[in-house]
1. For the chain, what's the relative contact order in percent, using C-alpha pairs closer than 8 Å and at least 6 residues apart?
2. Quickly work out the Lys156-to-Asn44 label distance, labels modelled 7 Å from Cα along the C-beta direction, and quote it in nm with one decimal.
3. Share of the chain's accessible area from carbon and sulfur, percent, 1.4 Å?
4. Pick from Leu159, Leu74, Leu100: which residue has the top mean-square fluctuation in a GNM of the chain where Cα pairs under 10 Å get a spring?
5. Work out from phi, with θ = phi - 60° and the Karplus expression 6.51 cos²θ - 1.76 cosθ + 1.60, the ³J(HN,Hα) of each residue of segment 88-103, listed in order in whole Hz, and give x for Gly and Pro.
6. Amide H of Phe133: which non-local residues (sequence gap of 5 or more, or other chain) have their own amide H closer than 5 Å, using H built in the peptide plane?
7. Loop-only GluC sites (Glu not before Pro) in segment 1-106, please: DSSP not H, G, I, E or B, and at most 15 other Cβ atoms within 10 Å.
8. Would you mind telling me which residue in Lys77, Lys111, Lys87 has the biggest mean-square fluctuation in a Gaussian network model of the chain, where springs connect alpha carbons within a distance under 10 angstrom?
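The values are calculated or read from the model by the stated rules, or taken from the named source; none is laboratory data. Since this is a predicted model, take the numbers as computed values, not measurements. So basically every Cβ, Gly included, is an ideal-geometry build from the backbone, and we count neighbours across all protein chains shown. Note: accessible area is taken over every heavy atom of the protein model, side chains too, but ligands, DNA and RNA are not part of it. Shrake-Rupley method; radii C 1.70, N 1.55, O 1.52, S 1.80 Å.
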Amino acid sequence: MAIKLLVGLGNPGPEYEATRHNAGFWWIDELAHRWGARLAHDRNYHGLVARVNSPMPGVDGPVWLLQPQTYMNLSGKSVAALARFFKIAPDEILAVHDELDLPPGEMKFKKGGGNGGHNGLKDMQAQLGSANFWRLRLGIGHPGIKAEVANYVLRKPPLAERQAVEDSIGKSFEAFKLMTAGDMARSEERRVGK
């Protein structure tokens with residue numbers, strides 16, 4: 001099964017643009033740049049959307065890029081609206097998000113599983129009625145104290161950490177090529193970083 005919908009999770013607005021919680025948006029921005037796609041607001045899907053036809057060899061038909069503009073806690077509203085309209089199954093969706101349990105510079109693909117307390121994933125699971133979608137977890141590190149998590153994800157990382165995340169985004173595209181071509185097993189094995 002190939003990926004047909006690529007979702008970057010984050011919060012809309014300039015005040016959130018450079019915060020850790022927006023790592024998923026950073027990934028979609030970079031992919032749109034590489035593919036020459038332009039994201040445009042679509043109120044039907046409550047987000048910024050781009051349709052890319054056959055973006056790379058081995059990929060037939062359109063691939064959708066999506067940045068929900070609903071705020072993180074309601075990401076599923078946007079994802080489910082687009083997925084239902086175009087009849088995209090959960091296992092044809094890749095959600096890209098910030099991950100506290102990986103240090104900056106590491107990333108990991110996985111399919112299904114829990115939401116790890118991530119509100120964007122939680123709402124996607126609720127709205128899609130399934131947790132069986134793919135995730136690309138971009139490490140942002142952990143503040144070390146659970147009570148500090150909310151503030152931590154909504155702050156800008158130091159330049160070195162931001163660069164480490166950007167580097168992992170760049171490296172993730174190699175594994176992503178396997179995924180879009182339908183080679184899920186090999187992409188799932190990829191882990192970049194230490």
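1. Working: 413 pairs, mean separation 51.1, N = 194.
The value is 26 percent.
2. The modelled label-to-label distance comes out at 3.7 nm.
3. Working: 4530 of 9090 Å².
Its accessible area is 50 percent carbon and sulfur atoms.
4. Judging by the Gaussian network model, the answer is Leu159.
5. Result, ordered by residue: 9, 6, x, 7, 10, 10, 10, 9, 9, 8, 6, 10, 5, 7, 10, x Hz.
6. Gly112
7. The qualifying sites are Glu15, Glu17.
8. Lys87
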